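*Asks:* Questions regarding the structure given below will be posed in turn.
The values are calculated or read from the model by the stated rules, or taken from the named source; none is laboratory data. Everything numeric here is computed off the predicted structure, so don't read it as measured data. Here the Cβ positions follow ideal geometry from the backbone for every residue, glycine too, while neighbour counts run over all protein chains shown.
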Amino acid sequence: MKQMSIVDLMNAMVPITRFNKGEAAKIFDEVESVGVKIVVKNNRPACVLVSPTQYEMLTEMLSDYALKAEAEKRVAINNDDDNVSHEEIMKELGITDEDLADVEVDID
């Protein structure tokens, strides 16, 4: 996602009066082509309109960031003395690589 320049930001602003004049369909078309519109009411931003694709991308980015922050927190507090290797777990459970050869796993 690229950062908006001042010109982009100014072009993204749309006064609420355009909605009052029945231009909602045109504004939504602009959102689809540009990606974002900032609705201004009384010279102040009232809301931001984004396309569904842009919204999905932003929410995924936010989710990824939260997961990354949690992973970094866990790594920071991890005590390597408590870790058990894959090989040790397999041996403890009596599982061999051959036992797992035909197992299919889907990870989402």
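So that you can scan it fast, the table gives a plain yes or no per residue for (1) under 26 Å from the mean Cα position of the chain (by Cα); (2) at pLDDT 90 or above:
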position: 9; (1), (2): yes, no
position: 20; (1), (2): no, no
position: 24; (1), (2): no, yes
position: 39; (1), (2): yes, yes
position: 47; (1), (2): yes, yes
position: 92; (1), (2): no, yes
position: 99; (1), (2): no, no
position: 108; (1), (2): yes, no
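*Asks:* Given the conditions (1) under 30 Å from residue 15 (Cα atoms); (2) in contact with a Ser or Thr (Cβ under 9 Å, 6 or more places away or on another chain), report the number of the one that residue 90 does not fulfil.
*Replies:* Unmet condition: (1).
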